[in-house]
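Encoded as structure tokens, the structure appears first; notes follow it.
The values are calculated or read from the model by the stated rules, or taken from the named source; none is laboratory data. Worth saying up front: this structure is predicted, and the values here are computed from it rather than measured. With ideal geometry, Cβ positions are generated from the backbone for all residues, glycine too; neighbour counts draw on all protein chains shown. Just so you know, the surface numbers come from the protein's heavy atoms only, side chains and all, with ligands and any DNA or RNA stripped out. Shrake-Rupley method; radii C 1.70, N 1.55, O 1.52, S 1.80 Å.
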Amino acid sequence: MWLRLFLASLKRQKLLFFLAFLSAVTGTAMVAGLIGVYFEASANVSRELRKYGANIIVQPASSGYLKEEDVYKIKTIFWRHNIVGINPYLYGFAEVKPAGKKVLVAGTWLKKEFLTPEGNKFVAGLLTLNRGARIKGKPFEGDQGELAVIGSSLAFQLGLKPGDKLVLSSRQKEIEVRLVGIIEAGGYEDEQLFLPLKKAQHLFGAEGKVSNILVSAVTVPLDEFGRRDPKTMTRREFEKWYCTAYPPAVAKQIEEVVCGSSARPVWQVVETEGKVLSKFQLVFLTLTLLSLLGSIVAVASTVMAGMMRREDEVALLKALGASKRWIGRLFLSEAFFLGLTGGLSGYLAGILLADSINQLVFGTPFEGKTSLFLLSLVVSLVVNFLGFLFPLKKALSFEPGVVLKG
Amino acid sequence: MIVERLRWLLKVTFKSLARKKSRTFLLMISLTLASALSTVFLVFPRGARMGLGRELRAYGANLIVSPFSQEAGSAGLSLGLVADSGFLNIKALKKYFKQNPLVKEANFQLLARGYYQSQPVTFLGTEREAFQNASQFWKIEGRSWPEKGEVLAGSQIAKRFGWKIGQQVGFEMGKKKFNLKIVGIAESGSFEESTLLLDREALSSWLGVNDVASQVLLRVEPTSKIDFFEKELKNDFPELKILTLQQVVKREENIVIKVEMLLFLVTIFVMVATSISVANTTSITVVERWREIGLLKSIGGSNAFVTGLFLLEACFLAFFASLAGFFLGWVLTEAFALSVFSLWVPFDWWSMPTSFLASFSIVLVSSIWPLRLIFRVEPALVLKGQ
């Protein structure tokens, strides 16, 4: 009987159900889509911020050099997946012939691919650390070869262009290289001459050594706990600090794998990015909560408007002898049905929307979370129940005779 | 005749709205919230852009002006002094920067080489206000600004020579010898860590120079005008070397573009969802009034007349709901902007009618769309109860 009435009600009031269903789908999609975007937006924004330069600098703890072999170990730390850029440098002065001028030579990787211990490919080097850098001509790849790239400002001063052959002379050695490109990075690089790392080590007699390493790591904004000195922490606090991607925690882990190093966050970059990220999260959370409120009101008002129309139906059922409990169950099962179907469809529409927004803005797919699915269902069910509950309560309080009399 | 007809229409509209108070109230709440939501999404991104722009300023200088090359480093990250510097004329440049509204901050720095126990050390002379701006995110142990006879040591140099806070250290500069007290140790993550920081004027007097600097770190805004500023500066001071820190500029531009794009897409999405929700609620209220429509049609009301009647009602509700929603939305926007960015979204006469009209259009269009249902009402069938 109850099921028959339920199905008959669905069939008879197709338009009303369709509108209520559409409302539930729209509301849930809005909530699921925004929360979905919120879940991943801060990580995406953080990655965007990390496309332009380092936020951790690794230098020798005392004077001297770091070992080149330790550079690769940075991709083995606990937060290895958050390391998005690594670039080692070996600096020295050399005289450029035939120009006859002393220039700053940086031995580095422009683009160097290596395998992490887990077998994943990782591309390190200046061009991945600073995506804004442009090379006219060709970059050298890896760390070998007789090739060189010159900073745009230095190339202008010395009147050099790709294809030119240069002789570089340091206190230790003299080597010959061929210019293959001009780099425009909009920074100090524009006044340096770049050689493959091994070649520079050979030129300066510093085989296997680097002066410093620049690292770009995706980190979380520093809070009070993150700022604390780990030396003052209890063991448990230290574990929590160490396992959170705070910039000093990531720097500490790098320091542990790079022998004789001192790794420090670039505070201005780290703090600015932390603040920008926190504000962004707050902005998005505020807008999401506001949309959640908006969609709750929208769905509830649609359902309420629909229910108001059905006062006669409630009165008739009461007149025919149905108990309040029985009528309540009938209408609330409609609410459950609407909430469930609307929630499921809304979730699907929401992740589609979140995916489109992610792809359009950040160029990354939306990964989705089980919690989002559950949240969508709960929101849809609760809102539909609430929408049904108040008008139903009101309709049940009417005297059937009065309502049926019109 | 027309006035009479209009008066009659208004009377019917008001009566209809007043008769079903709960329905009118529900519609008003729904429409007001939809309008408030539209207003927040239309106005708040402007506040977010302003707030984020202000936060991004903390990245610091985006342009370095110097006589010639003096530092090694990567992009904006300086890795140390590699050549002796020439000098810039502070007076002329300060006057020039003061007149240029694009220059938001100028940090004049003086670099000098000195010796500690025959080991070379670098002194970095700076101005108090500029230093406080630049060092707001550094980790400073001890005092954050050295007075006369005092110096702030970078963490690397302090570590190298084993200096402690409160220690008196003897330095040599040319033929001059002097003692300075270390009052603080600073960690910046950049080249300042390997320098001794002190007041620029104190350093100038030891060097025997006046009103000169080795370099000036500039903050130019908006970043979109940085190329224009660089050209202008090159034109007016051709002897200077200007280095735009593209990494800082691009990082800021990229993040602003991404956040704006994200907010724009979310706004579109919320507007569409809001319109659908408003249309749904209005549709249901039209369906609820099936009998009323049937009766009006049966006593001779044409589709156009009945639609006109409902349209007037929709306009009336949309106008007042948009007005209330607009003010509610504006208050919410200001509250959010104040709590998130501690700023007011400036009120401007252009954005107010635009935001109001946008939210009014959303509410009105979404309310009008369901009115097409009126055409489907067959009076005889409805009055028969089918």
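Please compute, for peptide A:178-188, the average count of beta-carbon atoms on other protein chains lying within 10 Å of each residue's beta-carbon.
Details: counts 0, 0, 0, 0, 0, 0, 1, 5, 11, 13, 15.
Whole-number average of other-chain Cβ neighbours for A:178-188 is 4.
Using θ = phi - 60° and the Karplus curve 6.51 cos²θ - 1.76 cosθ + 1.60, what whole-Hz ³J(HN,Hα) does each residue of the range B:242-258 get, with Gly and Pro shown as x?
For the range B:242-258, the Karplus curve yields 10, 10, 8, 7, 4, 4, 5, 4, 5, 4, 5, 4, 4, 6, 5, 4, 5 Hz.
To the nearest 0.05, how large is the calculated FRET efficiency for B:ILE165 and A:SER333 if R₀ is 60 Å and r is the Cβ-Cβ distance?
On the way: r = 74 Å, r/R0 = 1.23.
Efficiency for this residue pair is about 0.25.
Any chance you could look up the accessible area of A:TYR52 with a 1.4 Å probe, heavy atoms only, rounded to 10 Å²?
Answer for A:TYR52: close to 30 Å² accessible.
State the answer as a single residue: which of A:GLY339, A:VAL103, A:LEU396 lies farthest towards the positive end of the charge dipole of chain A, with beta carbon charges of +1 for Lys and Arg and -1 for Asp and Glu, about the Cα centre.
Of the candidates, A:LEU396 comes out farthest on the positive side.
Hey, for a label at B:SER118 modelled as a point 7 Å past Cα toward Cβ, could you say which residues of the range B:169-211 have their backbone N under 19 Å away?
Residues B:170-178 qualify, since their backbone N sits under 19 Å from the label point.
For the protein assembly as shown, what is the charge dipole size about the Cα centre, in debye to the nearest 20, if Lys and Arg each add +1 at the Cβ and Asp and Glu each add -1 at the Cβ? Kindly include the intermediate steps, with their values, before the conclusion.
Values: 93 positive and 67 negative charges, 508 e Å.
So the magnitude is around 2440 debye.
Among DSSP bridges having both ends in the range A:55-265, what percentage is antiparallel? Round to the nearest 5.
80 percent
I'd like the accessible area for A:MET304, computed on protein heavy atoms only with a 1.4 Å probe and all protein chains in place. Round to 10 Å², please.
It works out to around 40 Å².
Report ³J(HN,Hα) in whole Hz for each residue of the range B:228-239, in order, from the Karplus equation J = 6.51 cos²θ - 1.76 cosθ + 1.60 where θ = phi - 60°; Gly and Pro get x.
Per-residue couplings from phi come out as 4, 5, 4, 4, 4, 5, 4, 5, 7, 10, x, 7 Hz.
Note down the relative contact order for the range A:298-383 as a percent, whole number, built from C-alpha pairs under 8 angstrom at least six residues apart.
Relative contact order here is 34 percent.
Summarise the partner chain shielding of B:50-63 as one whole number: the mean count of Cβ atoms from other chains within 10 Å of each residue's Cβ.
Partner Cβ neighbours, averaged per residue: 3.
Whose amide H sits under 5 Å from the amide H of B:GLN167, counting only residues 5 or more places off or on another chain, with H placed in the peptide plane?
Counting only residues 5 or more places away or on other chains, the set is B:ILE182.
Between B:ALA92 and B:PHE316, what length comes free when the chain is fully extended (0.36 nm per residue of separation minus the Cα-Cα distance, one decimal in nm)?
Between B:ALA92 and B:PHE316, full extension yields an extra 74.2 nm.
Can you tell me how much longer the chain between A:ARG178 and A:SER63 gets when fully stretched, taken as 0.36 nm per residue apart minus their C-alpha distance, in nm with one decimal?
Details: separation 115, 0.36 × 115 = 41.40 nm, distance 3.22 nm.
Taking A:ARG178 through A:SER63 to full extension adds about 38.2 nm, to one decimal.
Dipole of the range B:239-347 (Lys/Arg Cβ +1, Asp/Glu Cβ -1, origin at the Cα centre): which of B:ALA335, B:THR307, B:VAL248 lies farthest to the positive side?
Of B:ALA335, B:THR307, B:VAL248, it is B:THR307.
What does the charge add up to near B:LEU317, with Lys and Arg as +1, Asp and Glu as -1, over the other residues with Cβ less than 15 Å from its Cβ? Intermediate results must be reported in sequence, preceding the final value.
On the way: positive: B:LYS15, B:ARG19, B:LYS20, B:LYS21, B:ARG23, B:ARG289; negative: B:GLU288, B:GLU313.
In short, +4.
Sum up the charges of everything whose Cβ sits under 13 Å from the Cβ of A:LEU372, counting Lys and Arg as +1 and Asp and Glu as -1, but leave A:LEU372 out.
-2
Which far-off residues, 5 or more places away or on another chain, put their amide H under 5 Å from the one on A:ASN130, with H placed in the peptide plane?
A:GLY53
Could you list which residues have their amide H under 5 Å from that of B:GLU105, counting only those 5 or more apart in sequence or on another chain, with H placed in the peptide plane?
Long-range HN contacts for B:GLU105: B:ARG219.
Percent of accessible area on the range B:134-217 owned by carbon and sulfur, 1.4 Å probe?
On the range B:134-217, the fraction of accessible area on carbon and sulfur atoms equals 46 percent.
With a/c under 1.5 counting as rounded, go ahead and sort the protein assembly as shown into rounded, prolate or oblate using the C-alpha gyration tensor (a ≥ b ≥ c being the square roots of the eigenvalues; past the cut-off, prolate if a/b is larger than b/c, else oblate).
Note, shape of the protein assembly as shown comes out prolate.
Could you work out [θ]222 nm for chain B from helices alone, using -39500 (n - 2.57) per DSSP H run of at least four and dividing by all its residues? Round to the nearest 500 deg cm²/dmol.
-18500 deg cm²/dmol
For a protection proxy built on the mean count of beta-carbon atoms within 10 angstrom, sort B:300-307, A:136-143 highest first, please.
For the peptides B:300-307, A:136-143, the packing ranking is A:136-143, B:300-307.
For chain B, what is the relative contact order in percent, using Cα pairs closer than 8 Å and at least 6 residues apart in sequence?
In percent, rounded to a whole number, it is 27.
Taking only protein heavy atoms and a 1.4 Å probe, what accessible area per residue, in Å², does the range A:55-265 have with all protein chains in place?
Accessible surface, normalised per residue, equals 43 Å².
Compute the separation of the alpha-carbon centres of the range A:293-334 and the range A:99-117 and state it in Å as a whole number.
73 Å
Rounding to the nearest 20 debye, state how big the charge dipole of the range B:69-238 is about its Cα centre with +1 on each Lys and Arg Cβ and -1 on each Asp and Glu Cβ.
With only Lys, Arg, Asp and Glu charged at Cβ, the dipole is about 360 debye.
Percent relative contact order of chain A, based on C-alpha pairs within less than 8 angstrom and at least six residues apart?
Relative contact order for chain A comes out at 26 percent.
Tell me the total accessible area that A and B bury against each other, 1.4 angstrom probe, in square angstrom rounded to 100.
Result for this pair: about 7000 Å² buried.
Among B:GLN168, B:PHE228, B:SER188, which residue has its Cα furthest toward the positive end of the charge dipole of the range B:69-238, with +1 on Lys/Arg Cβ and -1 on Asp/Glu Cβ?
So the residue we want is B:GLN168.
Run the simple label-point estimate for A:THR234 and B:PHE14 please: 7 Å along Cα→C-beta, distance reported in nm.
About 7.1 nm separates the two model spin labels.
With θ set to phi - 60° and the Karplus curve 6.51 cos²θ - 1.76 cosθ + 1.60, what are the ³J(HN,Hα) couplings of the range A:328-344 in order, to the nearest whole Hz, using x for Gly and Pro?
Calculated HN-Hα couplings, in order: x, 4, 4, 6, 5, 5, 5, 4, 5, 4, 5, x, 5, 5, x, x, 5 Hz.
Modelled label-to-label distance, B:ALA380 and B:LYS234, 7 Å Cα→beta-carbon offset: nm?
Simple spin-label model gives 8.5 nm for this pair.
Give me the distance in nm between label points sitting 7 Å out from Cα along the Cα-to-Cβ direction at A:THR244 and A:PHE18, one decimal.
My value for the distance between the label points is 5.3 nm.
Probe radius 1.4 Å, ligands and nucleic acids left out: which of A:ARG171, A:ARG236, A:ARG4 has the largest accessible area, and how do the rest follow?
Descending accessible area places them as A:ARG171, A:ARG236, A:ARG4.
Hey, what number do you get for chain A at 222 nm if only DSSP H runs of n ≥ 4 count, each worth -39500 (n - 2.57), divided across all residues, to the nearest 500?
Computed ellipticity for chain A at 222 nm equals -17500 deg cm²/dmol.
Give, rounded to the nearest 20 debye, the magnitude of the charge dipole that the range A:55-265 has about its Cα centre when Lys and Arg contribute +1 at Cβ and Asp and Glu contribute -1 at Cβ. Working shown, then result.
Details: 30 positive and 24 negative charges, 18 e Å.
Dipole size: approximately 80 debye.
What does the C-alpha gyration tensor say about the overall shape of the range B:69-238? Classify as rounded when a/c is under 1.5, otherwise prolate if a/b is larger than b/c, or oblate.
On the way: a/c = 1.96, a/b = 1.66, b/c = 1.18.
Here the range B:69-238 falls in the prolate category.
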